[in-house]
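Trainee: I am attaching a structure below and will ask some questions about it afterwards.
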Amino acid sequence: MDLRSKELQEILQKKLIEDARALEEAGCFSIVLECVPSIVGKKISQSVSVPILGIGAGKDVDCQVIVLQDVLGMYPNFKPKFVKIFANVREVMLKGLNAYHDESVSGQFPSEEHSFNRDIDLSDL
């Protein structure tokens with residue numbers, strides 16, 4: 001059977017719902033669903049009493065989970081379908097990290113201002 005066939009997809013989606021019920025019966029406290037059709041996320045949420053955390057599982061789950069680096073646009077060549085970039089901080093981060101590297105290598109950082117300094121007598125060591 002072709003993995004893309006509608007019949008197989010329906011079988012697999014029903015299996016996910018059965019598995020969620022089995023997990024709940026086994027005593028789990030929550031379930032994470034990732035990359036499932038919205039209708040499946042909704043059906044699972046309606047079928048169990050434990051919270052459903054969704055990452056690409058539609059709006060009808062109990063909680064949305066997303067990878068911080070994805071929503072901040074830190075990986076320009078990787079963006080899953082379910083990710084919305086809320087801010088693009090990649091360039092700002094790269095600029096800051098490069099400045100840190102340059103100052104660390106040159107010895108500018110840490111300066112006295114960014115160091116702990118105490119009058120401690122260590123002459124007897």
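Any read-out appearing in this document is the output of simple, stated calculations on the displayed coordinates, not a laboratory observation. Note that this is a predicted model, so its numbers are computed, not measured. A quick note on method: Cβ atoms are made from the backbone with ideal geometry, for glycine too, and the neighbour counts reach across all protein chains shown.
Trainee: Could you put Glu10, Glu113, Glu34 in order, starting from the residue whose Cβ has the fewest other Cβ atoms within 10 Å?
Mentor: Glu113, Glu10, Glu34
Trainee: What list do you get for Val32, Val48 if you sort them by fewest beta carbons within 10 Å? Kindly include the intermediate steps, with their values, before the conclusion.
Mentor: Numbers: Val32 13, Val48 20.
By the 10 Å Cβ count, ascending, the order reads Val32, Val48.
Trainee: Here is a further query. Counting alpha carbon pairs within less than 8 Å and at least 6 residues apart, what relative contact order, in whole percent, applies to the chain?
Mentor: 14
Trainee: Simple spin-label model, 7 Å along Cα-to-Cβ: Ser111 to Leu94 in nm?
Mentor: Each label point lies 7 Å from its Cα, and together they span 2.7 nm.
Trainee: Right, something else. Charges at C-beta only: +1 for Lys and Arg, -1 for Asp and Glu. How large is the resulting dipole of region 69-112 about its Cα centre, in Debye rounded to 20?
Mentor: The dipole magnitude comes to about 480 debye.
Trainee: Follow-up. Would you work out the charge dipole size for the chain about its Cα centre, treating the Cβ of every Lys and Arg as +1 and the Cβ of every Asp and Glu as -1, and quote it to the nearest 20 debye?
Mentor: Around 1100 debye, computed over the chain.
Trainee: Still on this structure, I have one more. Taking other Cβ within 10 Å of each residue's Cβ, how do Glu91, Glu112 sort, fewest first?
Mentor: Glu112, Glu91
Trainee: Based on the alpha carbon coordinates of the chain, what radius of gyration and maximum Cα-Cα distance (Dmax) apply, in Å?
Mentor: For the chain, the Cα-based Rg and Dmax read 24.8, 81 Å.
Trainee: Show me the ranking of peptides 114-123, 13-22, 53-62, 101-110 by mean Cβ neighbours inside 10 Å, starting with the highest.
Mentor: 53-62, 13-22, 101-110, 114-123
Trainee: Then there is this: Checking the cross-link filter: which aspartates and glutamates have an alpha carbon closer than 15 Å to that of Lys95, excluding same-chain neighbours under 8 positions apart?
Mentor: Glu103
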